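The values are calculated or read from the model by the stated rules, or taken from the named source; none is laboratory data. Fair warning: this is a prediction, and the values are worked out from it, not measured in the lab. Note: ideal-geometry Cβ built from the backbone for every residue, glycine included; neighbour counts use all protein chains shown. Heavy atoms of the whole protein, side chains included, go into the accessibility calculation; ligands, DNA and RNA do not. Shrake-Rupley method; radii C 1.70, N 1.55, O 1.52, S 1.80 Å.
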Amino acid sequence: MPLRPDLIEILRDEKAPIVILTGAGISKESGLHTFRDADGIWAKYDISEVATPEAFIANPDLVHHFYNDRRAGLHDPNVQPNAAHVALARLEAEWPGDVLLVTQNIDDLHGRAGSKNLIHMHGELLKIRCNHCDLLTEWPGDLAKETPCPACGKAGGLRPHVVWFGEMPLEMERIYAALGDCGLFISIGTSGNVYPAAGFVQVAHEEAGAETVELNLEPSSGATLFDHSTYGPATELVPAFVATLLEDGSGPRD
Ligand code: BV8
């Protein structure tokens, strides 16, 4: 059941803060694999062998290969932000209230689409950090356990700047503060299987009394937790939904 126009009017007049959560589904039509679809990442790799701190200690070469492969995929000229990424950047620019975009994705497509108020809660594929000196830096190329840190010069400490299973997601305080104060929570392209992200809809609903909307190809594991939902491809759903939110042409914020 979509969000009613009168509710949208109220949210707009109140300049209600919006929090958006995105997952791998929003980047699928840009040519990036999701995790749980039939041809998804977890169909080819075992989480416990490539996406945990224990896996990195046990077999750093395999973990580096896994992320080098995905990092190279991001440089494919065919991989570009799609209409859903672009629509969210427009919403941020034109909605009269604050818009915070929280993504579980480690790709850079939201940033390339122009989103600014953006949190990569699970990290970024094009960044690395050093376990020896805590350097955090951009890194477009391949990484290996032999690669010396550009800051401290030591090898063996560089790792992808991503959040592995069992590790604390990033900027959780800022995210919970925004969820506790939003008028509208929108979840896009996520299956709702990974926590704490999968619990955000309840926080927005219970702590802020927010309207909650799911836009996804199919009902997620948390579908029943949402007030409103529409199903279909993100590149169709998201631009249409953003247009309904902005339809009085309120235009860019002052
Ligand atoms: C933590 C980075 C302590 C690396 C990732 C409570 C209950 C049970 C388990 C737990 C729990 N709390 C914690 C856990 C453990 C664990 C967890 O959730 N395990 C799961 C598997 C049961 N969580 C953790 O370990 C987290 N850390 O909890 O720390 C803590 C606790 C509380 C508060 C603070 C700290 C860390 C988890 C992060 C792991 N890192 N990514 C990398 O990318 O390699 S997770 C990774 O997988 C993604 O980032 C994302 O989060 C998840 C994949 O999910 P989705 O993005 O939703 O993708 P998926 O393929 O599943 O679904 C795609 C959807 O899109 C589908 O619904 C599909 O229908 C749809 N779709 C497809 N095409 C389209 C589309 N939609 C629209 N248009 C299309 N075209």
Matching residues in region 53-90 - criterion: being under 19 Å from the mean Cα position of the chain (by Cα) and among the polar types (S, T, N, Q): 80, 82
Here are 221, 191: which of them is hydroxyl-bearing (Ser, Thr, Tyr), within 16 Å of the ligand (Cβ to nearest atom), closer than 21 Å to residue 81 by Cα and assigned to a loop (DSSP other than H, G, I, E, B)? 191
Return the residues of region 157-181 that are small (Gly, Ala, Ser) and touching a residue at least 24 places away in the same chain (Cβ under 8 Å); say none if nothing qualifies. 157, 166, 178, 180
Provide a single number: the residues in region 149-178 that are away from the ligand (no atom under 13 Å from the Cβ), open to solvent by less than 40 Å² (accessible area, probe 1.4 Å) and either farther than 29 Å from residue 41 by Cα or part of a loop (DSSP other than H, G, I, E, B) (or both). 3
Odd one out for residue 106, checked against (1) surrounded by fewer than 21 Cβ atoms within 10 Å (Cβ to Cβ); (2) within 13 Å of the ligand (Cβ to nearest atom): (1)
Under 8 Å between Cβ atoms, at least 6 apart or on separate chains: pull out the pairs that start in region 34-48 with a residue that is farther than 17 Å from residue 164 by Cα and end on any residue that is more than 9 Å from the ligand (Cβ to nearest atom). 37/43
When both residues are 6+ apart or on different chains and their Cβ atoms are under 9 Å apart, which pairs have a first residue that lies in region 50-71 and is open to solvent by 40 Å² or more (accessible area, probe 1.4 Å), and a second that is charged (D, E, K, R) and within 13 Å of the ligand (Cβ to nearest atom)? 58/49; 59/49; 62/49; 70/107
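Residue by residue through region 6-48, note down the ones that are part of a helix (DSSP H, G or I), under 18 Å from residue 236 (Cβ atoms) and within 9 Å of the ligand (Cβ to nearest atom).
First, the residues of region 6-48 that are part of a helix (DSSP H, G or I): 6-13, 24-30, 41-43, 47-48.
Still in the running and under 18 Å from residue 236 (Cβ atoms): 24-30.
Once the filter is applied, which keeps residues that are part of a helix (DSSP H, G or I), under 18 Å from residue 236 (Cβ atoms) and within 9 Å of the ligand (Cβ to nearest atom), region 6-48 yields 24, 25, 26, 27, 28, 29.
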Mind listing just one residue for me: the one in region 224-242 that is touching a residue at least 40 places away in the same chain (Cβ under 8 Å) and small (Gly, Ala, Ser) and, of those, farthest from the ligand (Cβ to nearest atom)? 229
Within region 195-218, how many residues are more than 10 Å from the ligand (Cβ to nearest atom), buried (at least 17 other Cβ atoms within 10 Å of the Cβ) and either more than 25 Å from residue 168 (Cβ to Cβ) or modelled with pLDDT under 95 (or both)? 2
Filter region 49-75 down to the residues that are within 28 Å of residue 192 (Cβ to Cβ) and assigned to a loop (DSSP other than H, G, I, E, B), then identify the one that is farthest from the ligand (Cβ to nearest atom). 52
All conditions in (1) more than 16 Å from the ligand (Cβ to nearest atom); (2) of a type in the set (Asp, Glu); (3) assigned to a helix (DSSP H, G or I) are true of residue 181 except (3)
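Quick one: count up the residues across region 116-139 that are part of a loop (DSSP other than H, G, I, E, B) and either open to solvent by 10 Å² or more (accessible area, probe 1.4 Å) or on the phi > 0 side of the Ramachandran plot (or both). Working first, answer last.
Restricting attention to region 116-139, the residues satisfying the condition of being part of a loop (DSSP other than H, G, I, E, B) are 116-117, 121-122, 131-135, 139.
From what's left, either open to solvent by 10 Å² or more (accessible area, probe 1.4 Å) or on the phi > 0 side of the Ramachandran plot (or both): 116-117, 122, 131-135, 139.
The qualifying residues number 9.
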